[in-house]
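Have a look at the structure below, then the notes.
The values are calculated or read from the model by the stated rules, or taken from the named source; none is laboratory data. Bear in mind that the values here come from a model prediction, so they are computed numbers and not experimental data. Here the Cβ is made from the backbone with ideal geometry for all residues, glycine too, and neighbour counts use every protein chain on show. In case anyone asks, the SASA skips ligands and DNA or RNA and just uses the protein heavy atoms, side chains included. Shrake-Rupley method; radii C 1.70, N 1.55, O 1.52, S 1.80 Å.
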Amino acid sequence: MEKGPKQKGGPGMAGALAGVLGLCLLAAILLTGDGGRATEAAAPAMLTMPRLSAAASVDTEIGEQVIPLGRAVGIKLFSDGVLVVGLSPVETERGAQYPGRDCGLKAGDVITHINGEEVDTIEEIQEMVAQQQGEQLTIQAVRGQRQLQLTTAPVANSQGNYQLGVWLRDSMAGIGTVTFYDPETGVFAALGHGINDVDTAMLMPLESGAIMEATVSDVKKGVSGQPGELHGQFDLTRDLGTLYANTNLGIFGQLDQNELTQGLEPVEVADREQIHTGKATILSNIRGDKVEEFDIEITKLFLDGDGTRNLMVQVTDQGLLETTGGIVQGMSGSPILQDGRLVGAVTHVLVSDPQRGYGILAENMIRQADSCRQAQMS
């Protein structure tokens with residue numbers, strides 16, 4: 001990805017099946033500290049946009065017709081709590097010490113409180129650790145569905161800085177594709193599966209986020225064994241919409257600006273019984289801010305599942321194959337259309353054959369969008 005001064009590039013996440021790459025967010029991981037990670041004594045956070053309010057509550061349900069988009073956007077995400085992505089020794093004058101590990105913290109834990117105070121950023125944890133000067137801390141964390149309470153004391157490293165010996169993450173950003181927009185409710189859906197942390201493979205717990213205008217500058221073409229990727233940049237200074245849900249079936253939010261939908265008409269959402277193998281198309285943004293339609297084939301159906309691999313697709317469009325080699329990272333969320341209806345969205349590529357990949361049913365994304373919206377309203 002072509003990066004601004006506050007971005008660091010990184011690959012998409014590997015899918016749960018061997019040889020399948022989840023296209024997810026073509027991630028530029030934004031962290032505090034050096035080397036793409038952060039410790040308690042690291043520099044101030046690089047992602048400084050304010051946290052955003054949730055979508056307004058309205059009673060209208062997401063309709064049977066939505067506007068398919070296929071537009072690449074910038075996505076920024078702030079975590080709910082601070083994710084532990086790794087543990088390391090603190091090098092002290094008495095040798096290596098492991099306060100984080102020894103108190104029971106593990107990679108994948110989400111720190112929510114320290115000494116009874118809520119924490120959502122790495123800076124807040126850094127400040128508390130520095131203030132304690134080696135005194136004991138009570139850490140509350142979440143591990144899966146379990147609530148944990150742990151006790152530890154920071155130790156001074158050889159430079160005199162107090163540390164816990166944990167690597168932390170509190171935000172992510174990158175480029176992904178918006179699947180659809182519902183004009184009745186203002187809800188948008190993107191990616192077709194969730195944004196996972198690149199170190200722990202955990203779904204990032206979302207407190208707030210937003211989407212921003214983006215452009216695709218060039219493409220790394222995919223070949224067998226090496227999936228390609230879209231390269232681009234996005235504007236951190238202005239939000240197009242707020243993000244309020246990061247789920248296994250996609251990310252969802254409220255569109256505040258109509259720039260992405262101008263001149264576009266809604267289409268019917270296909271029921272799974274209406275979907276068949278054969279010709280279809282995808283909408284994707286592989287250059288600039290232009291959305292184009294490309295030919296594909298739906299080669300297999302897995303309609304009984306409610307996950308992200310309900311369809312197997314193969315790119316047949318020669319123009320797309322010449323440009324990208326098939327499906328590449330950053331195309332996750334590209335809408336799949338068949339017989340004038342929205343069928344689903346591209347979610348994964350086969351590492352061994354970038355011409356082929358998987359897609360999620362649109363009705364699964366609609367159902368999840370409704371569920372997340374109802375939770376937001378309650």
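Residue by residue through the range 123-166, note down the ones that are farther than 21 Å from GLY108 by Cα, in a loop (DSSP other than H, G, I, E, B) and open to solvent by 50 Å² or more (accessible area, probe 1.4 Å).
Answer for the range 123-166, where residues must be farther than 21 Å from GLY108 by Cα, in a loop (DSSP other than H, G, I, E, B) and open to solvent by 50 Å² or more (accessible area, probe 1.4 Å): GLN133, GLU135, GLN136, SER158, GLN159, ASN161.
Collect the residues in the range 312-331 that are open to solvent by less than 10 Å² (accessible area, probe 1.4 Å) and among the hydroxyl-bearing types (Ser, Thr, Tyr), keeping them in residue-number order.
THR324
Quick one: which residue in ASP199, ASP182, ASP170 is within 18 Å of PRO89 (Cβ to Cβ) and of a type in the set (Asp, Glu)?
One residue alone meets the criteria, ASP199.
Answer yes if at least one residue in the range 285-305 is at pLDDT 95 or above, polar (S, T, N, Q) and either buried (at least 24 other Cβ atoms within 10 Å of the Cβ) or not in a helix (DSSP H, G or I) (or both), and no otherwise.
yes
Quick one: would you say LEU337 is surrounded by 23 or more Cβ atoms within 10 Å (Cβ to Cβ), in contact with a strand residue (DSSP E or B) (Cβ under 7 Å, 6 or more places away or on another chain) and closer than 18 Å to MET365 by Cα?
Taking the combined requirement at face value, the residue does not satisfy it.
Going by the structure shown, is GLU117 open to solvent by 30 Å² or more (accessible area, probe 1.4 Å) and either of a type in the set (Phe, Trp, Tyr) or in contact with a helix residue (DSSP H, G or I) (Cβ under 8 Å, 6 or more places away or on another chain) (or both)?
Criteria met by GLU117.
Checking the conditions here, which among THR185, THR177 is crowded, with 23+ Cβ neighbours inside 10 Å and under 30 Å from GLU265 (Cα atoms)?
None of the others qualify; the one that does is THR177.
Name the one entry in GLN226, GLN257 that is open to solvent by 70 Å² or more (accessible area, probe 1.4 Å) and touching a strand residue (DSSP E or B) at 6+ places or on another chain (Cβ under 7 Å).
After applying the criteria, what remains is GLN257.
Can you pull out every residue in the range 340-350 that is surrounded by fewer than 16 Cβ atoms within 10 Å (Cβ to Cβ) and β-branched (Val, Ile, Thr)?
Once the filter is applied, which keeps residues that are surrounded by fewer than 16 Cβ atoms within 10 Å (Cβ to Cβ) and β-branched (Val, Ile, Thr), the range 340-350 yields nothing.
Would a scan of the range 240-259 turn up a residue that is under 17 Å from the mean Cα position of the chain (by Cα), of a type in the set (Phe, Trp, Tyr), under 30 Å from MET202 (Cα atoms) and at pLDDT 95 or above?
For the range 240-259, residues under 17 Å from the mean Cα position of the chain (by Cα), of a type in the set (Phe, Trp, Tyr), under 30 Å from MET202 (Cα atoms) and at pLDDT 95 or above: present.
Of the numbered conditions (1) open to solvent by 10 Å² or more (accessible area, probe 1.4 Å); (2) assigned to a loop (DSSP other than H, G, I, E, B); (3) not polar (S, T, N, Q), GLY194 satisfies every one except a single condition; which is it?
Here GLY194 clears every test but (1).
Which pairs do you get when a residue that is farther than 10 Å from LEU243 by Cβ and of a type in the set (A, V, I, L, M), found in the range 190-211, comes within reach of a residue that is in a loop (DSSP other than H, G, I, E, B) and at pLDDT 90 or above, reach meaning Cβ atoms under 6 angstrom, with the pair 6+ apart or on two chains?
Filtered contacts from the range 190-211: LEU191/SER332; LEU191/GLY333; MET202/GLY108; LEU203/GLY194; MET204/ILE195.
Filter the range 95-110 for residues that are without any contact (Cβ under 8 Å) to a residue 40 or more places away in the chain and open to solvent by 10 Å² or more (accessible area, probe 1.4 Å); which is nearest to ALA141 (Cα to Cα)?
The qualifying residue nearest to ALA141 (Cα to Cα) is LYS106.
Within the set of pairs 6 or more residues apart or between chains, which connect a residue that is closer than 16 Å to VAL343 by Cβ and touching a residue at least 24 places away in the same chain (Cβ under 8 Å) inside the range 361-378 to a residue that is charged (D, E, K, R) and open to solvent by 60 Å² or more (accessible area, probe 1.4 Å) with Cβ atoms less than 7 Å apart?
Hits for this filter: GLU363/ASP271; ASN364/ASP306.
For ASP218, all conditions in the list (1) in a strand (DSSP E or B); (2) under 28 Å from TYR244 (Cβ atoms); (3) of a type in the set (D, E, K, R) hold save one; what is the number of the exception?
(2)
Among (1) within 29 Å of GLY241 (Cβ to Cβ); (2) in a strand (DSSP E or B); (3) modelled with pLDDT of 90 or more, which single condition is GLY174 missing?
Every listed condition holds for GLY174 apart from (3).
Say whether the condition of being part of a strand (DSSP E or B), surrounded by 15 or more Cβ atoms within 10 Å (Cβ to Cβ) and within 20 Å of the chain's Cα centre (by Cα) is met by at least one residue in the range 267-280.
No.
Only one of these is modelled with pLDDT under 50, within 30 Å of LEU350 (Cα to Cα) and buried (at least 21 other Cβ atoms within 10 Å of the Cβ): LEU77, LEU21. Name it.
Just a single option satisfies the conditions, and that option is LEU21.
Report, by residue number, each residue of the range 286-308 that is over 24 Å from the mean Cα position of the chain (by Cα) and β-branched (Val, Ile, Thr).
Result: ILE296, ILE298, THR299.
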